[in-house]
Amino acid sequence: MDLRPDHDAPDPRTPEPGHVYVELVGGPLDGQLLDVAGYTTEERADGALLMSNHGRFGPGGRSDYEARPDDPGRWDWTGVRSS
């Protein structure tokens with residue numbers, strides 16, 4: 001499964017019909033939408049370790065986001081990991 005937000009899209013904050021999104025909150029991907037339509041309920045609850053070119057480690061860094069227990073439509077940044 002591709003776990004990269006589409007930050008190369010013309011406007012990565014604009015939802016498209018037929019997709020299911022969560023909003024990334026905080027960190028290098030703050031405000032971007034991640035399409036989770038292909039995720040299982042368990043995968044959505046776990047969050048994701050996303051590739052990011054915008055973090056402290058530059059290209060190839062990973063940004064860790066976790067679902068909010070009280071608001072599963074928003075995932076909070078928990079940190080960055082180097083590749």
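The values are calculated or read from the model by the stated rules, or taken from the named source; none is laboratory data. Please read all numbers here as calculations on a predicted model, not as lab measurements. When we count neighbours, we look across all protein chains shown, and the Cβ atoms used for this are built from the backbone with ideal geometry, even at glycine. Calculation scope for accessible area: heavy atoms of the full protein, side chains included, ligands and nucleic acids excluded. Shrake-Rupley method; radii C 1.70, N 1.55, O 1.52, S 1.80 Å.
Here the condition is being touching a strand residue (DSSP E or B) at 6+ places or on another chain (Cβ under 6 Å) and either open to solvent by 70 Å² or more (accessible area, probe 1.4 Å) or modelled with pLDDT of 90 or more (or both); of G26, G31, G55, it holds for G26 alone. Annotation note: Cβ proximity below 9 Å between a residue of the stretch 64-83 that is at pLDDT below 90 and a residue that is in a loop (DSSP other than H, G, I, E, B) and not small (G, A, S) (sequence gap 6+ or interchain) occurs for V80/R56; V80/F57; R81/F57; S82/R56; S82/F57; S83/F57; S83/P59.
Scanning the stretch 34-52 for residues that are under 21 Å from D70 (Cβ atoms) and touching a strand residue (DSSP E or B) at 6+ places or on another chain (Cβ under 7 Å) yields L34, V36, R44, A45, G47, A48. For the stretch 22-38, the tally of residues that are under 17 Å from D76 (Cα atoms) and without any contact (Cβ under 8 Å) to a residue 24 or more places away in the chain stands at 2.
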